[in-house]
Amino acid sequence: MEEPSQKTTTSNHNDNKKVDKVDKNIDPYEHLKITLNPDGSLNRSQFPLVPPNCTDSEPITTTEPVLTKDITFDEETKSWLRLYNPINPNNNNNNEKKYDDEEEESDENSDKDDNDNDKEKEKKSNKKLPIILYFHAGGMILYHTNTIFNNEPCTRFASELHAIVASVEYRLAPENRLPSAYQDAIDALLWLKTQASSPNPDPWLANHADFSRCYLMGCSSGANIAYRTALTLPTIDIEPVKVVGLIMNQPLFGSEERTRSERRLETDMAMPMCVFDLMWKLALPEGSSRDHEYSNFMVKGEYGGNIGKLPRTLVRGFEGDPLLDRQMEFVRLLMRHRVRVTAHFGEFGFHNIDFVDAKRHLTMIKYMREFIID
């Protein structure tokens, strides 16, 4: 059996580190700007939504470097995804951006060499792109694929990594408790299979997507969804789609027993533990504790036997995130099951820091680029 590979960067815990805290009596509903209605639904704060810049019914006129359009993949549940395409025929910088760090050899004394170079450029420009199936953050209760701070990272992933990104608009809890979001994720994956096998696939996918290089990715709760989706892979037929990697940015997990970092950062200013607790209370099946298999990866559950079958996995976390110790324990679990895992825990930050710190976001893109081309 192949030995598990691990590339890990970590920082030392310091229980005396000064941490910004809030009052222990914080109201998690107020922190999230939500209210619970008598029927069990939520009133949520509204954030700016970004419309797609393309539709299938109209010619492409935008010169933006990344094209976007929305596609419904399940009419019954109204689940949809936003497709991000980094190849815009109206933007002359597309192919140059893709290969901006590659050197082209030329011989000014030979017309033949010039022609060979032209053919090589054309070959590269026609190269099929990896697919990233992405699941957004929000504790499974908040936000949308087209919310501005979810749309912008996906645009950068497509542009900087030169990949097709499909960001899934899954159903939110508590109106649709788990496993609804997990089912939407599987349905999105099966939609990709349909596209790969269809005689009339979406033209962006048909022309540019490499269905044999699909990555499941998520941030926070979205990483939890990506993980659960990856666990189901041995039980579903997605050929000719091949999932070759799992990318988890600050994955959200939990249990009834607190970890050391959760106790130390219980009143963290960015994400106090009572907020995580509320998210799980609203997202998990009615009457479930945080030791449910959906939140606690140590509970074997329905697909626990598939952990050792996971694809190559990238995990990122931050010192300063209450969930750090749990994320590190998750990496150790993967290693015990001989999963090839790359982990980065060496930076100080807080939960979802990527959304407010562009430098951290660009570092994540660097890790992703290294992981995808490995």
Q.
Order 230-243, 202-215 from most to least packed using the mean count of other Cβ atoms within 10 Å.
A. 202-215, 230-243
Q | Highest-first arrangement of 293-301, 163-171, 31-39, 325-333, where packing means the average Cβ count within 10 Å | A | 163-171, 325-333, 293-301, 31-39
Q) Please report, for the Cα atoms of segment 169-218, the Rg to one decimal and the Dmax as a whole number; what are they, in angstrom? A) 13.3, 39
**Q.** Label-point gap, in nm, between ASP291 and THR35 - each point 7 angstrom along Cα→Cβ
**A.** 3.6 nm
Q | Extension gain (nm, one decimal) between ASN90 and PHE355, 0.36 nm per residue minus Cα-Cα | A | 92.5 nm
**Q.** Equivalent ellipsoid semi-axes, segment 31-95, via Cα gyration tensor eigenvalues times 5, rooted, Å
**A.** 34, 16, 9
Q) According to the square roots a ≥ b ≥ c of the eigenvalues of the Cα gyration tensor, what is the shape class of segment 135-224, taking rounded for a/c under 1.5, prolate for a/b larger than b/c otherwise, and oblate for the remainder? A) oblate
Q.
Over segment 227-300, with the other protein chains present, what is the accessible area per residue in square angstrom, probe 1.4 angstrom?
A. 38 Å²
Q | Residue pairs, from the table LYS33/LYS193; LYS193/LYS359; LYS127/LYS309, whose Cα atoms sit over 31 Å apart | A | LYS33/LYS193; LYS193/LYS359
Q: Would you mind checking the radius of gyration and Dmax of segment 262-374 based on alpha-carbon positions, in Å?
A: 15.4, 44
Q: Using only C-alpha positions, report the orientation-averaged shadow area of the convex hull of segment 222-305, nm², one decimal.
A: 6.6 nm²
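The values are calculated or read from the model by the stated rules, or taken from the named source; none is laboratory data. Remember, predicted model here, so these are calculated numbers, not experimental data. Cβ sites come from the backbone with ideal geometry, for glycine too, and all protein chains shown count toward neighbours. Just the protein is used for accessible areas: all its heavy atoms, side chains included, with ligands, DNA and RNA removed. Shrake-Rupley method; radii C 1.70, N 1.55, O 1.52, S 1.80 Å.
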